[in-house]
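Everything below concerns the one structure shown next.
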Amino acid sequence: MGKSLYIAEKPSVAQEFAKALHINTQRKDGYLESAEAIVTWCVGHLVTMSYPEEYDPALKRWSLETLPFIPQEFKYEVIPAVSKQFRIVSGLLNRTDVDTIYVCTDSGREGEYIYRLVEQQAGVKGKNRRRVWIDSQTEEEILRGIKEAKDLKEYDNLAASAYLRAKEDYLMGINFSRLLTLKYGNSISNYLNTKYSVVSVGRVMTCVLGMVVRREREIREFVETPFYRVLSTIGEKGATFEGEWRAVKGSKWFESFDLYKENGFKETEKAEELIRFLSNSESDASQPLTCQIVSIEKKKEKKNPPLLFNLAEIQNECSKRFKISPDETLRIIQELYEKKLVTYPRTDARVLSTAVAKEIHKNLNGLMQYEPAKPYLQDIVKFGSHKGLEKTRYVNDKQITDHYAIIPTGQGMGALKGLPNLSQRVYDVIVRRFLSIFYPPAVYQKVSIVTKIKEESFFSSFKVLAEEGYLKVTGVPGRKNDNNDNTDSTEDKDTDAAFFARIQSLKKGMTLPVQSLDIKEGKTSPPKRYNSGSLILAMENAGQLIEDEELRAQIKGSGIGTSATRGEILKKLFNNKYLALNKKTQIVTPTMLGEMIYDVVDHSIRPLLNPELTASWEKGLTYVADGDITSDEYMKKLDDFVSRRTLAVKGLNNQYQMRACYDKA
């Protein structure tokens, strides 16, 4: 019987496989070997797509005549810096005593691509190939993955989508970057007074640049509009509350053209007119001003624990809490994954699978070694909530493609202490989000009061936290405590509770004194700039920044880029100096060069700036991976898009009109 060869994506992962297999290996150059098995590794990508000059040396020179460049057959080559490891791996794959290859590269599209390129370049034939698909690097999970490894052929559609993604990025990058540089590079360098300018274009990168530039221009063109609200101070001195006037049905100003919205006027004079009208008593001017409670509504509002983290959500959370960039967050979580502390990071799912939910007690038991988790784990035992987890909204097999949400494994605690403080804090955020799903909802008591002076209505609403529920684990928003890095602070809860008790004692029909009527000036606000985290979320939702966490989960469809690539794409935009990142605030803004590139694309290949179109390309790759469309169908559409757009731009003669656009940037 021949040997089994295990091929991992990097040396550290190969070591974990060797340990899990409990084999007595000898260290060789670029691999480990025992009597029955060999464990080797790539170092990321070993093979890449060849540049155009490998097809024809004349293509090294950039020229409009040679575009569009669409090869019939694509060429690949070994990356020179890692050629030694490729030769080692290639030799092992083709060894006559190796009969079974276990593919242990990352369980995702990119990991699949890394191996397939190596196999293709090495010319591997006649071997039994098995795919190991795992969600964490614990020994138990590695052994399960090996035992349940499927025939590699079952992943052919995923591999096809990986090849297409690379071809798409290659064809759009090579053709459109050359095309727009040749057409508009001189106009940019002349304007900026530089030697030359390369216009770097990418399917996802250019779309993200467009999102940021459009947002910046909305802010720049925003005209602030003042408006004037009228507020009443109601109740006895020392125990007052505020009411906001609204022009509802029955009001003298209902649907008036003087209104900005129903709760404010366009001009301060009109607000003053309202106050005079309310202050003038028809019977006795010396009578103090009063109002009557016309409705009082009390209700409880439940807030469920949020769904678990996928990569985009944890990147957004870390951007807000720790002011770190998405690629830094991914680097930290990748390290936590490799230290066996958390599950696979590059996931889009925010739920668990039924199979994992049934075994979740193992993760919880393991967390008993994590001191901060102990009091919460004791609560969870009392609740017994871990027993029926598969029946909750946190488990849904249909919402999982490659991997489930990021959760702690309950293992690797020894390694945690040796990690930097920031990595430990990121781990703590993941643990708390995970533990929170076993807690009941937070319950808020809400009271809404409507008071009237004459026929004019004033609205007041109050909310107090009645039952902490899951907020015990994650921290109460706005309250400064050990769990939450927000620095905002609200009033003390006991004060709130005492005041709330007084509010609850009010009854419909009561007459209350009005201490004052005041005008409060407000101003309309421009849209917010993206920060690195909110930009990742907007990419995940095809260009829509949806602030509401629940709504994001509902509308989640096909995004721009993938969880594995979004942070890297932002990094490239910063390195190209198209976008600027404020390291302290993580706010993202376009540079002048970035705005000029945007204008060039807007006047040449506008669809590249369209998030919906970019997301539809990504969805197409998903269809290929699912076997719904063939590679040939996708490739035909891609070739057509690149050819049509290239020929259209070659026919344009608008370089000299661009200066007017650059002036506005």
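The values are calculated or read from the model by the stated rules, or taken from the named source; none is laboratory data. What you are looking at is a predicted structure, and each value in this text was computed from that prediction instead of being measured. When we count neighbours, we look across all protein chains shown, and the Cβ atoms used for this are built from the backbone with ideal geometry, even at glycine. For the accessible areas, the whole protein counts, side chains as well, though only heavy atoms, and no ligand, DNA or RNA atoms are used. Shrake-Rupley method; radii C 1.70, N 1.55, O 1.52, S 1.80 Å.
Here are the numbers for the structure shown:
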| quantity | calculated |
| --- | --- |
| For Gly366: the one exception among (1) within 16 Å of the chain's Cα centre (by Cα); (2) within 18 Å of Arg433 (Cβ to Cβ); (3) modelled with pLDDT of 95 or more | (1) |
| Selection within the stretch 345-355 - open to solvent by 10 Å² or more (accessible area, probe 1.4 Å), under 25 Å from Glu618 (Cα atoms) and not basic (Lys, Arg) | Asp348, Ser353 |
| Close pairs (7 angstrom Cβ cut-off, 6 or more residues apart or separate chains): without any contact (Cβ under 8 Å) to a residue 40 or more places away in the chain in the stretch 179-195, among the hydrophobic types (A, V, I, L, M, F, W, C) and open to solvent by 20 Å² or more (accessible area, probe 1.4 Å) anywhere | Gly185/Val198 |
| Any hit, the stretch 93-100, residues being touching an Asp or Glu at 6+ places or on another chain (Cβ under 8 Å) and modelled with pLDDT under 95 | no |
| Residue tally, condition of a type in the set (Val, Ile, Thr) and open to solvent by 40 Å² or more (accessible area, probe 1.4 Å), over the stretch 503-519 | 2 |
| Per-region count, the stretch 637-660, residues open to solvent by 30 Å² or more (accessible area, probe 1.4 Å), assigned to a helix (DSSP H, G or I) and not hydroxyl-bearing (Ser, Thr, Tyr) | 12 |
| Odd one out for Leu158 among (1) modelled with pLDDT under 95; (2) open to solvent by 20 Å² or more (accessible area, probe 1.4 Å); (3) under 30 Å from Leu352 (Cα atoms) | (1) |
| In the stretch 93-147, residue nearest to the chain's Cα centre (by Cα) [restricted to those that are among the aromatic types (Phe, Trp, Tyr) and open to solvent by 20 Å² or more (accessible area, probe 1.4 Å)] | Trp133 |
| Test result for Ala37, hydrophobic (A, V, I, L, M, F, W, C), within 25 Å of Phe176 (Cα to Cα) and over 36 Å from the mean Cα position of the chain (by Cα) | no |
| Evaluation of Phe227 against (1) open to solvent by 40 Å² or more (accessible area, probe 1.4 Å); (2) more than 30 Å from Arg606 (Cβ to Cβ) (one fails), failing number | (1) |
| Candidate set: the stretch 520-540, residues that are open to solvent by 60 Å² or more (accessible area, probe 1.4 Å) and in contact with a Ser or Thr (Cβ under 9 Å, 6 or more places away or on another chain); chosen: the one farthest from Glu224 (Cα to Cα) | Arg529 |
| Residue count, the stretch 377-395 (criterion: farther than 17 Å from Leu367 by Cβ and crowded, with 18+ Cβ neighbours inside 10 Å) | 1 |
| Within the stretch 286-404, helices (runs of 4 or more DSSP H) holding 1 or more residues that are out of contact with any His (no Cβ under 6 Å at 6 or more places or on another chain) and under 19 Å from Trp133 (Cα atoms) | 311-322, 326-338, 354-358 |
| Per-region count, the stretch 46-67, residues surrounded by 17 or more Cβ atoms within 10 Å (Cβ to Cβ), under 34 Å from the mean Cα position of the chain (by Cα) and outside any strand (DSSP E or B) | 1 |
